[in-house]
Amino acid sequence: MADNGSNGPVRRKARGSKGADAMRAGYAKSELKNQAVRESLEPLAEGERPTVVTVGAVFSSLVALVLWGSCAYALATGAEANGRDVNVVQWGLFALVITAMAWGMWRAKYWAVMGFQMLLVLLILAGILGMVVAPTLLQIVGTLILVVGLSVMFWFMVKAMARIQMPERPGPR
């Protein structure tokens, strides 16, 4: 009890205990939901690859082909961009990373899917920032469609990643 300086003592409530209990109950409820989702997941069969990962692998392969072709063109022609030579080594390293990511996703490797998701996040953020400065309504709508498509792909990759990293369940089902 404390004196508030006027009509007598004021009772202080125990702070935090009610909020902490509610938070613990919320975490427990959330963990039960998480456990139910984990139990409903099926591990990937040998050689199986989720569809969204296949789409990502094909997309990455196409991007890698374009990058390798661009590097070859820049080397063959001595291409310039804005009056400066194109840094073929930089583009070659990027092409190598994208190629490795495409190969890893084709083999359903967790690290490759995680890298592709990181790339999706960067593209989504760039698209959102691009919409802010887009000069025409057509560009805004086109970028919005792209951002929504990339976001949907990201969403479906989350479950695919959970299945990829999932170990075999012990015992009979």
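In this label model, TRP103 and MET131 are separated by 3.7 nm, measuring between points 7 Å along each Cα→Cβ vector.
Per residue of the chain, the DSSP helices (runs of n ≥ 4 H) give a summed -39500 (n - 2.57) that works out to -25000 deg cm²/dmol at 222 nm.
Cα-Cα pairs above 19 Å in the chain: how many percent? The proportion of pairs with Cα distances above 19 Å equals 73 percent. Ranking LEU62, THR77, ALA22 by Cα position along the charge dipole of the range 19-165, where only Lys, Arg, Asp and Glu carry charges on their C-beta atoms, puts ALA22 farthest toward the positive end. In this Cβ point-charge picture (+1 for Lys and Arg, -1 for Asp and Glu), the chain has a dipole of about 1000 debye about its Cα centre.
Computed on the chain, with alpha-carbon pairs under 8 angstrom and 6+ residues apart, the relative contact order is 24 percent. Note on TRP111 and ARG163: the extension gain reaches 17.4 nm, defined as 0.36 nm multiplied by sequence separation minus the Cα-Cα distance. Here the spin labels are modelled as points 7 Å beyond Cα on the Cα-Cβ line, and at LEU65 and GLN139 they lie 3.0 nm apart. Taking every full run of DSSP H in the chain, the ones that stretch at least 15 Å from end to end by Cα along their long axis and average 0.0 or higher on the Kyte-Doolittle scale are 51-77, 88-106, 110-133, 137-165. Considering only MET157, ALA102, MET131, the residue lying farthest towards the positive end of the dipole of the range 19-165 is MET157, judged by Cα position with unit charges set on Cβ.
Within the range 44-93, the GluC sites (Glu not before Pro) that combine a DSSP coil assignment with at most 10 other C-beta atoms in a 10 angstrom radius are GLU46.
Readers should treat all values here as calculations from the given coordinates under stated rules, not as data from a laboratory. These numbers were taken from a predicted model, which means no experiment stands behind them. With ideal geometry, Cβ positions are generated from the backbone for all residues, glycine too; neighbour counts draw on all protein chains shown.
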